[in-house]
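Below is one structure, written out as structure tokens, with a few remarks after it.
The values are calculated or read from the model by the stated rules, or taken from the named source; none is laboratory data. If you're wondering where the values come from, they're calculated on a predicted model, not measured in any experiment. Every residue, glycine among them, receives a Cβ derived from its backbone with ideal geometry; neighbour counts consider all protein chains shown. For the accessible areas, the whole protein counts, side chains as well, though only heavy atoms, and no ligand, DNA or RNA atoms are used. Shrake-Rupley method; radii C 1.70, N 1.55, O 1.52, S 1.80 Å.
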Amino acid sequence: MTEPLRVLVTGAAGQIAYSLLYSVAKGDVFGHNQPISLVLLDIDFMMGVLQGVVMELRDCALPLLHEIIPTADKNVAFKDIDVAILVGAMPRREGMERKDLLKANVKIFREQGECLNTLAKKSVRVVVVGNPANTNAYVAKTFAPTIPPENFTCLTRLDQNRAAAQIAQRVGVTSQDVKNVIIWGNHSSTQFPDVSHATVTVNGAKSSVKDVVKNDSWLQGDFISTVQKRGAAVIAARKLSSAMSAAKAICDHLRDWWTGTADHWVSMGVPSDGSYGIEKGLIYSFPVAIKPDHSYSIVQGLPISDFAREKMDATQRELVEEKNDAMQTVQD
Ligand code: NAD
Ligand code: LMR
């Protein structure tokens, strides 16, 4: 029998977790032969709600769900984990930018970085979802110096999925037919959704998105701003931030990290190694290729136009500012 994988979800009583836990526990992420020990962390105040979530998970009668450990104790939550899905943080409300959450959230990620450092397996893989996700991942990585930096990632897959869905809708295909969309930079309104290397398959024939869409002003204008502002549009409509699509994106991110990407790339916020002139160490979203052993590499050698360069630098500048503010806040 395969050893259970110990998977921590923080913010487990919140709205993203409610859409996420079923898919993780059912086997859609780590495979249908992989038993799961699900560790669910939330704050003391939410333990009653979390009990309800635990009841529902049990009532799903899922064969791979080996055990469920609900807790408000970080020392229990982070012990010996293989995977950390760090969702627990305050969401933004209408009119806010994600970086406005820095003051409220960044200390959570210092504390959780320290817990990862002392309690988790050294091979732990981390995906930060709580906003501002790139900078929170940077902080967690900084406070976990004994864990390989490349094990820290943040979620920009939701942006990739949004971009692919916009193209698919425009062309009249499904998102599956759209490959190699890139999200560069920050999970914020300065992100650069880039389709200049993307392909779309229509009636069995694969072509560049640019050739099929045949509308550069849309691709360089409304397409980009729709993806950049999609989170805010969902908040304006729902009065709550995205949860179902965020949970789906977390599953996509982790499933690809676990099983590999074969013939295409995906976007993840990862520590920069200096590729494309991006400051080393910054958690910046790049196109990555992933092998089945969970190792990934930033896709190299893509030609970068002047238009792209300007956008990649703008989102980098925002990340550097956020990083400096965050490091100041966590030291206070
Ligand atoms: P939510 O308010 O519904 O749930 C958050 C949960 O986290 C709550 O149950 C809260 O008690 C818990 N929590 C707070 N502090 C905690 C701590 N220190 N340890 C453990 N749990 C803690 O929010 P949500 O809608 O689930 O969103 C969670 C975060 O994810 C927000 O910051 C949101 O902005 C972000 N988000 C990111 C993306 C992305 O693509 N990166 C997408 C959607 C939402
Ligand atoms: C999103 O992209 O939907 C999330 O980051 C939530 C938000 O604040 O926009």
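General remarks:
- Amide H within-cut-off set for residue 284, under 5 Å, with H built and near neighbours excluded: 270, 272
- Rg/Rh, computed from the Cα trace of the range 187-332 with Rh as the Kirkwood radius, has the value 0.97.
- For the range 247-255, Karplus couplings with θ = phi - 60° (6.51, -1.76, 1.60), whole Hz, Gly/Pro x: 5, 4, 5, 4, 4, 4, 4, 6, 4
- Percent antiparallel among DSSP beta bridges (both partners in the chain, rounded to 5): 45 percent
- Magnitude of the charge dipole, the range 40-96, Cβ model with Lys/Arg +1 and Asp/Glu -1, debye to 20: 180 debye
- When a 1.4 Å probe is rolled over the protein heavy atoms, the share of accessible surface on the chain that falls to carbon and sulfur comes to 52 percent.
- Rg over Rh for the range 85-199 works out to 1.05, using Cα positions for both radii and the Kirkwood form for Rh.
- Cα-centred dipole magnitude for the range 129-241, charges only on beta-carbon of K, R (+1) and D, E (-1), debye, nearest 20: 300 debye
- Burial order of peptide ranges 108-121, 288-301, 3-16 (average beta-carbon count within 10 Å, highest first): 3-16, 108-121, 288-301
- Projecting the Cα atoms of 68, 87, 55 onto the charge dipole of the range 29-146 (Cβ charges, centred on the Cα centre) puts 87 farthest toward the positive pole.
- Three-way shape call for the range 1-83 based on the alpha-carbon gyration tensor, with the a/c threshold at 1.5: oblate
- A simple charge model with +1 on the Cβ of Lys and Arg, -1 on the Cβ of Asp and Glu and nothing else charged puts the dipole of the range 188-259 at about 300 debye relative to its Cα centre.
- Those aspartates and glutamates that a straight Cα-Cα span of less than 19 Å connects to residue 179, excepting residues fewer than 8 apart in one chain: 159, 194, 211, 216, 252, 256, 263
- Relative packing of peptides 305-315, 226-236 - highest average C-beta neighbours within 10 Å first: 226-236, 305-315
- Longest to shortest principal axis, alpha-carbon extents of the range 220-276, angstrom: 36, 27, 22
- Calculated over the range 268-332: convex hull of Cα atoms, volume per residue (Å³): 87 Å³
- Angle between the chain longest axis and helix 306-331 axis [Cα atoms, degrees, rounded to 10]: 20 degrees
- Computed FRET value (nearest 0.05) for residue 67 with residue 317, which takes r as the C-beta separation and R₀ as 45 Å: 0.50
- Using only alpha-carbon positions in the range 1-158, the gyration tensor eigenvalues give semi-axes of 24, 19, 14 Å once each is multiplied by 5 and square-rooted (largest first).
- At 0.692 mPa s and 37 °C, Stokes diffusion of the chain via Kirkwood alpha-carbon radius, µm² per second: 163 µm²/s
- FRET E, pair residue 220, residue 100, Förster distance 22 Å, beta-carbon r, rounded to 0.05: 0.20
- Over all orientations, the range 62-151 has a Cα convex hull whose mean projected area works out to 6.7 square nanometres.
- Inter-label distance, residue 300 to residue 93: 4.9 nm, where each label sits 7 Å from its Cα along the C-beta direction.
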